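Down below is the structure, laid out as structure tokens.
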Amino acid sequence: MWRCSIVSRRGFDAIIGQELAKRVLLRAVAEGRPAHAYLIVGSAGSGKATAAMEFAKALNCERPDERGSCGECAICHAIEHRNFPDIMVWSPEKDKKNTTIEQMRAMRDMARFAPMRARWKVNIIEQGDTLNEESASCILKLVEEPPEYLVNILLYRNTAAVLPTTRSRCQMVRFTQVSTSELAGRLTEDFGADADEAAFLATFSQGRPGVAIELLRDSSFSEKRD
């Protein structure tokens, strides 16, 4: 049985846990002065990609507030429907293990063009761990000295995979394990899981909301567990 969210949350409220990381990103939105590059590090399923997209949305929202984006303006709707030209997500191409140097060259070349609709143009490298040394080195100058309208966000699972030269050019934001009680509570409140199921999934997922939610929606996992 598919489990959709039964509670409507907007902005950074939709991200489970990660209070310190959210404060860092929300402060940048409130001040209107984001860093030129962010390195968001955390395990798979911890919420990095969701937070990166919400950050990009909040930076460009017509009516941001203390929770982030309003979720109602034309820009928010366009971003939510992945129909916004100034936010680019770079991931490994289909059937390829790495984010290639050709992709990074394209990202570098496209950065020369000013935003079409947004205040801030945003690049999100979704799986930084899949950059090899050549492709990571290709964008070093862009990460260090981007155009004034550009924010680069690199998502990594493992800090050991980050080139020291890349790390030194970015503001690091860490995503940590969410407490079992907080994660279980949100699974119950937001997705209608019963208390026992929520507690099991919060523990089994090792505090990773994305993993817990995916398993909650996976009927085959429930059958195997039973």
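The values are calculated or read from the model by the stated rules, or taken from the named source; none is laboratory data. Note that the structure is predicted; figures quoted are calculated from it, not measured. Positions of Cβ are backbone-derived with ideal geometry, glycine not excepted, and every protein chain shown enters the neighbour counts. Side chains included, ligands, DNA and RNA excluded: accessible areas come from the protein's heavy atoms. Shrake-Rupley method; radii C 1.70, N 1.55, O 1.52, S 1.80 Å.
Annotations
- Test: residue in region 81-90 that is among the basic types (Lys, Arg), at pLDDT below 95 and in contact with a Phe, Trp or Tyr (Cβ under 8 Å, 6 or more places away or on another chain): no
- In region 166-193, the residues that are in contact (Cβ under 8 Å) with a residue 24 or more places away in the chain and either in contact with a His (Cβ under 7 Å, 6 or more places away or on another chain) or of a type in the set (A, V, I, L, M, F, W, C) (or both): CYS170, MET172, VAL173, PHE175, VAL178, LEU183, LEU187, PHE191, ALA193
- From ASN98, ASN132, residue being open to solvent by 50 Å² or more (accessible area, probe 1.4 Å) and touching a Ser or Thr at 6+ places or on another chain (Cβ under 6 Å): ASN98
- Note on region 149-164: residues that are open to solvent by 20 Å² or more (accessible area, probe 1.4 Å) and outside any loop (DSSP other than H, G, I, E, B) total 4.
- Failed item in (1) farther than 23 Å from GLU54 by Cβ; (2) modelled with pLDDT under 95, with THR159 passing the rest: (1)
- Region 59-77 residues that are among the polar types (S, T, N, Q), paired with ones that are in a loop (DSSP other than H, G, I, E, B) (beta carbon under 7 Å, 6 or more apart): ASN60/ALA118; ASN60/ARG119; ASN60/TRP120; SER69/ARG10; SER69/CYS61
- Tabulated pairs, region 39-51, first closer than 21 Å to THR165 by Cβ, second open to solvent by less than 10 Å² (accessible area, probe 1.4 Å) and in a loop (DSSP other than H, G, I, E, B), C-beta under 8 angstrom, 6+ apart or interchain: LEU39/VAL162; VAL41/VAL162
- Top-ranked residue of region 65-87 - restricted to ones that are surrounded by fewer than 17 Cβ atoms within 10 Å (Cβ to Cβ) and of a type in the set (A, V, I, L, M, F, W, C), ranked as farthest from ILE15 (Cα to Cα): ALA74
- The single residue among LYS57, LYS94 that is part of a loop (DSSP other than H, G, I, E, B), of a type outside the set (A, V, I, L, M), out of contact with any Lys or Arg (no Cβ under 8 Å at 6 or more places or on another chain) and on the phi < 0 side of the Ramachandran plot turns out to be LYS94.
- Within region 19-53, the residues that satisfy the criterion of being of a type outside the set (A, V, I, L, M, F, W, C) and in contact with a Lys or Arg (Cβ under 9 Å, 6 or more places away or on another chain) are GLY32, HIS36, GLY42, SER43, GLY45, SER46, GLY47, LYS48.
- Checking every residue in region 92-113 against the condition of being under 17 Å from the mean Cα position of the chain (by Cα) and among the aromatic types (Phe, Trp, Tyr) gives zero matches.
- Residue among PRO146, PRO115, PRO92 that is open to solvent by 20 Å² or more (accessible area, probe 1.4 Å), in contact with a His (Cβ under 6 Å, 6 or more places away or on another chain) and not polar (S, T, N, Q): PRO146
- Annotation: of all residues in region 25-50 being part of a helix (DSSP H, G or I) and in contact with a Phe, Trp or Tyr (Cβ under 9 Å, 6 or more places away or on another chain), the one that is surrounded by the most Cβ atoms within 10 Å (Cβ to Cβ) is LYS48.
- Against the test of being farther than 17 Å from SER8 by Cβ and open to solvent by 10 Å² or more (accessible area, probe 1.4 Å), the options MET53, MET104 yield a single qualifying residue, MET53.
- Residue tally, condition in contact (Cβ under 8 Å) with a residue 12 or more places away in the chain, surrounded by fewer than 14 Cβ atoms within 10 Å (Cβ to Cβ) and either outside any helix (DSSP H, G or I) or on the phi > 0 side of the Ramachandran plot (or both), over region 194-226: 0
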